1. Got a sec to turn the phi values of the stretch 106-122 into Karplus ³J(HN,Hα) couplings, 6.51 cos²θ - 1.76 cosθ + 1.60 with θ = phi - 60°, whole Hz, x for Gly and Pro?
2. Could you check the simple spin-label distance between residue 31 and residue 93, using points 7 Å along Cα→Cβ, in nm with one decimal?
3. Could you compute the FRET efficiency for residue 72 and residue 47, with r as their C-beta to C-beta distance and R0 at 41 Å, rounded to 0.05?
Amino acid sequence: MTSASHSPSLDDPDNPLLAPRKLEADANFDVTAMIDLVFMMNIYFLVTTLGAAAGELNLPAAKHCVAADRETSVIVSIIEGVDRSAGQVYVGDGREGEPLVEREEQEKAVRAAVEEGVRSQKNTVLIKAEKNVRLRDVARVAAAAAGVAGMELKLAVIEKE
């Protein structure tokens, strides 16, 4: 017995008694993109839900406010300007008198009217602005009026129908 008998092993892939194994790759699935997508969807739904819910808030009516007394107030009206430019300012209630269009002219006229109001024992400035007047125009007129000592500033918004 010069040759050693060699019996094939069951673990040997060359064993003729075993059926050949199919080569299968490991199944990998990268979930990073899916996690990012789910995270973004959560943020989107959170933001839109909060925005929609905030639009439906029923705020309580004001209980402790008093309307400004027109007799003791200097009234300044701001009307929307032509082509959405700077608002037109009227010293008085509504469109009374000549409109002031230039910013420097508006500030000087408002300051002069408020100073005259202080001399006539008027202690509040009532600024009335149309709904579409820009906030910067209202703030500019309010700053000119607030520059006079001894005056209280009040603001009203006029909604057109």
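What follows draws every value from the coordinates through simple rules; no lab data is involved. Since the model is a prediction, treat every value here as computed from it, not as a measurement. Virtual Cβ from ideal backbone geometry, glycine too; neighbours counted across all protein chains shown.
1. With the stated coefficients, the stretch 106-122 comes to 4, 5, 5, 5, 5, 4, 5, 5, 5, 5, 5, x, 4, 5, 9, 6, 9 Hz.
2. Result for the modelled spin labels: 7.0 nm.
3. 0.30
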